[in-house]
1. Given the DSSP H assignment, sum -39500 (n - 2.57) over each helix run of at least 4 residues in the chain and divide by its residue total; what's the result at 222 nm in deg cm²/dmol, nearest 500?
2. Could you state the principal axis extents of the C-alpha atoms in the range 1-144, from the largest down, to the nearest angstrom?
3. Dipole size in debye (nearest 20) for the chain around its Cα centre, Lys and Arg Cβ +1, Asp and Glu Cβ -1?
4. Take the chain, drop everything but the C-alpha atoms, weight them equally and run the Debye formula without solvent; then report log10 I(q)/I(0) at 0.07, 0.10 Å⁻¹ to two decimals.
5. Might you work out the accessible area of residue 55 for me, using a 1.4 Å probe with all protein chains in place, and round it to the nearest 10 Å²?
6. Take the Cβ-Cβ distance between residue 184 and residue 44 as r, set R0 to 35 Å, and report the resulting FRET efficiency rounded to the nearest 0.05.
7. Using the reciprocal of the averaged 1/r over all distinct C-alpha pairs, how large is the Kirkwood radius of the range 72-162 in Å?
8. Which one, 159, 221, 206, projects farthest toward the positive side of the charge dipole computed for the chain from Cβ point charges (K/R +1, D/E -1)?
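The values are calculated or read from the model by the stated rules, or taken from the named source; none is laboratory data. Source: prediction; values computed, not measured. We place every Cβ from the backbone using ideal geometry, glycine too, and count neighbours over all the protein chains shown. Surface accessibility is based on the protein's heavy atoms, side chains included, excluding ligands, DNA and RNA. Shrake-Rupley method; radii C 1.70, N 1.55, O 1.52, S 1.80 Å.
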Amino acid sequence: MENIDPVGVHTGDSIVVAPSLTLTDHHYQILRTAALSIVHALKVEGGCNVQFGLDPKSSDYRVIEVNPRVSRSSALASKATGYPIARMAAKIAVGHTLPELTNPVTGETTACFEPALDYVVLKIPRWPFDKFVQADRRLGTQMKATGEVMAIDRSFGGALHKAIRALEAGQCGLLAEQVEALDDEGLAQALSKPDHQRLFALGAAFRRKWDIDQVAQLSRIRPYFLEEVRALVDEEQTLPALSDMSATGWQTLKRQGFSDRRLGECWQTDEDTVRAARWAAGVHPSTRWSTPVPASSWPRRHTSTPATTSRTKRRCWTARGCS
């Protein structure tokens with residue numbers, strides 16, 4: 001996993017993405033080898049989490065911490081990959097070895113297998129500042145988040161939009177009125193001395209047409225992530241008229257994670273009007289079912305009527321008649 005925020009922001013307060021999106025294979029192998037060497041030197045058997053600080057302009061790195069246990073980061077990694085880290089750690093604790101255990105993800109290979117992701121997982125922390133209104137909201141080495149949300153999507157933008165909505169903080173996109181009201185000096189300070197709204201500060205900076213290098217220098221966030229955020233802001237600012245939207249255009253927006261509510265804000269209309277226009281264009285969410293489960297095993301709160309359902313559902317945006 002990779003922290004989007006730079007060193008100096010506690011991992012628990014940092015936005016985290018999996019898999020690592022900006023590390024070269026050279027840097028990845030350096031850190032992987034170092035992590036394995038640390039685990040072997042400490043003779044750790046079971047779960048272990050190693051965090052590094054890497055200079056993006058060189059191969060210089062520092063070990064920030066080593067957690068010889070199943071930590072909260074381990075839980076995030078387990079959910080992101082589907083690999084039951086805690087379960088495997090428990091089996092190792094009672095004497096099993098990874099080569100003799102079956103990988104629960106593949107069902108065929110051994111548990112030594114390293115999961116590979118073909119999707120993006122994003123974690124955004126959740127802070128209690130709505131309850132502790134007088135608390136210092138600046139982020140640093142002291143963790144202040146009391147929770148987190150995780151989103152999965154095929155793209156970074158889609159996962160980012162899902163995670164923002166999951167925060168249930170009143171935002172459905174890269175827009176926060178308090179941040180938008182800042183002048184340029186205040187916005188620059190919000191980027192250089194981040195608080196819980198630094199993600200929305202990035203959106204505000206790109207709405208004001210600040211360039212990538214300037215924002216990267218202030219925030220110390222890798223240009224790759226800044227380019228992804230700017231692309232989402234540019235998409236909002238170049239939307240065609242609602243009446244001119246085609247099915248292809250709707251599909252593009254939905255695959256980038258834009259909600260009907262956020263699009264309504266961009267078009268200065270309500271969510272219901274946007275949804276009606278989308279449905280009129282033949283674009284709606286469809287659920288692909290797999291691994292049928294008998295209706296008798298449904299939980300009681302399930303009220304659907306089909307004869308079978310699925311433990312895992314994949315939601316995709318498609319035009320009517322397409323699958």
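1. My calculation for the chain gives -11000 deg cm²/dmol from helical runs alone.
2. Each principal axis gives a Cα extent; for the range 1-144 these are 53, 38, 32 Å.
3. On the way: 40 positive and 36 negative charges, 262 e Å.
Here the size comes out at about 1260 debye.
4. -0.35, -0.71
5. Near enough 60 Å² of accessible area.
6. On the way: r = 49 Å, r/R0 = 1.40.
The calculated FRET efficiency here is 0.10.
7. Numbers: mean 1/r = 0.0633 Å⁻¹.
Roughly 15.8 Å, rounded to one decimal.
8. Working it through, the farthest residue towards the positive pole turns out to be 159.
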